[in-house]
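The values are calculated or read from the model by the stated rules, or taken from the named source; none is laboratory data. What you are looking at is a predicted structure, and each value in this text was computed from that prediction instead of being measured. No Cβ is skipped: glycine too gets one built from the backbone with ideal geometry, and neighbour counts run over all protein chains shown. Keep in mind that these areas ignore ligands, DNA and RNA; they rest on the heavy atoms of the full protein, side chains included. Shrake-Rupley method; radii C 1.70, N 1.55, O 1.52, S 1.80 Å.
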Amino acid sequence: MQDADAIPPFAARSHTPNPVPAAATPDAPAADARPLAVLFIEDSVSDFALMQATLRRAGISFQPRRVETEQEMRDALGAQSWDAIISDYSLPTFNAEAALELAQHHNADVPFLIVSGEIGEGAAVEAMLAGADDYIMKNNLRRLPPALKRSLRAAQTRRQRLHAEEQLRELSRHADRLREQERAELAREIHDDLGALVTRIRAELTMARRNSQETDTAQRLDVAEQLVASLGVAISRIARSMRPPVLDFGIVAAIEWQARDFAQRTGIPVNLNTNQDDLSLDLEQSTSLFRIFQEALTNIYKHADANRIDVELFADEHSLTLEVTDNGRGMSSDALRKQTSFGLRGMMERIRSLGGWMDIGAVQPTGRGDDATATGTTLMISIPLGAGAFPAPGNAADPSTLSESNS
Ligand SMILES: Nc1ncnc2c1ncn2[C@@H]1O[C@H](COP(=O)(O)OP(=O)(O)OP(=O)(O)O)[C@@H](O)[C@H]1O
Ligand SMILES: [Mg+2]
């Protein structure tokens, strides 16, 4: 069991623009420690005095402020950040439930304890379910100091975890950006340097073949020329798949191109349905969506054994939704837990960093006609869109120019 009395020094509060020095605790004195800022929601002055005395006797250094109405609480929350809130259950014009909601709205993470003389078991459970950290009966106030310390420590652990998760996400975003940048540079070099060399070798071979007097040599030069031509095609394909130039023409064109290219390479028809000609996403959004789409198609090719893919790309002023449905064997229930699989995890990371959501599951049979036996997998993602995502009429990229730029 953990020692409820040990509070590690605080991490700087994430919601505070200027980090404040660590708060003082009896267990973790810090040179620059400050007293805990504790907001009391309490109408009884004598109960307030009693709670303060109890905390001080336990060696807790704190700076209290007492409020008893909703407006006073709003003012207090707006005036500074609080390390903990201790609330009476019911006050003349206010109650703990409303106070908790207000506190959570302001800062979901602040420890919230209910101290009451009258709270019943049912109400206490309700309050805990709503997010209160603890409840203490007024006739058992010696529980208050350890309960406060425990909830402070729990809040700190939550903050540290959130901070670590945010750092991890930032790291993975950074790695993604670097990888995309490297891919783009490599693709350019492969296309420009190797592509140019291939063209020169081809020209030399053509000349040599034309000037060759010997039939056998001419035939070999002819074969070599064809091989070099194939090499040129392969180089273009590799450069394209590393960083499709079509992405520069917008996400809709890129998805269309990818769907066509996939269908050609695999023989699995991809039916694309979209309500947009063009969308102006930023580079991170469009690259992420494109990579997610690529991985969804690759997964279908690798795992689904499907012979049809339906893609829906829809956008309204709030969000963009991409839905990829296959009619394959469906996904097993342990698919998401595979230790060595990173495709779906990578998708989720990308989506989360764009502030969107992803849902993946079995195709739902509708019970009508052919659909009654439908199988397969549906992947649906959605990301929020800003007002700038919709280009002014007439500014849309012309996808008819794309085929040349792909080659
Ligand atoms: N469309 C699909 N149909 C059926 N199963 C699928 C489909 N997409 C994914 N899966 C299942 O989900 C698992 C996890 O997919 P994920 O993309 O995360 O990993 P992976 O494709 O196995 O490997 P990689 O890390 O190379 O992407 C797959 O191994 C497969 O079993
Ligand atoms: Mg995969």
(message) Every residue in segment 264-281 that is in contact with a Gly (Cβ under 7 Å, 6 or more places away or on another chain) and open to solvent by 30 Å² or more (accessible area, probe 1.4 Å), please.
(response) Ser280
(request) List every residue pair whose Cβ atoms sit under 8 Å apart, with the two residues 6 or more apart in sequence or on different chains, where the first one lies in segment 112-134 and is of a type in the set (D, E, K, R) and the second, anywhere, is not in a helix (DSSP H, G or I). (result) Glu118/Tyr89; Glu118/Ser90; Asp133/Pro111; Asp133/Phe112; Asp133/Leu113; Asp134/Leu113; Asp134/Ile114
(request) Six or more apart or on different chains, Cβ under 8 Å: which pairs go from a residue in segment 152-178 that's more than 14 Å from Glu284 (Cα to Cα) and part of a helix (DSSP H, G or I) to one that's hydrophobic (A, V, I, L, M, F, W, C) and at pLDDT 85 or above? Could you list them? (result) Leu152/Leu36; Leu152/Ala84; Ala155/Val110
(request) For Val223, indicate whether it is open to solvent by less than 30 Å² (accessible area, probe 1.4 Å) and closer than 22 Å to Ala203 by Cβ. (result) no
(request) Specify which of the listed residues (Glu317, Glu312, Glu284) is surrounded by fewer than 18 Cβ atoms within 10 Å (Cβ to Cβ), within 20 Å of the chain's Cα centre (by Cα) and more than 16 Å from ligand 2 (Cβ to nearest atom). (result) Glu284
(message) For the list (1) of a type in the set (D, E, K, R); (2) open to solvent by less than 40 Å² (accessible area, probe 1.4 Å); (3) not assigned by TED's automatic domain parsing to the domain that holds Gly59, I need the number of the one condition that Asp192 fails.
(response) (2)
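So that you can scan it fast, the table gives a plain yes or no per residue for (1) surrounded by 15 or more Cβ atoms within 10 Å (Cβ to Cβ); (2) of a type in the set (S, T, N, Q); (3) within 14 Å of ligand 2 (Cβ to nearest atom):
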site: His303; (1), (2), (3): yes, no, yes
site: Arg308; (1), (2), (3): no, no, no
site: Arg329; (1), (2), (3): no, no, no
site: Ser332; (1), (2), (3): no, yes, yes
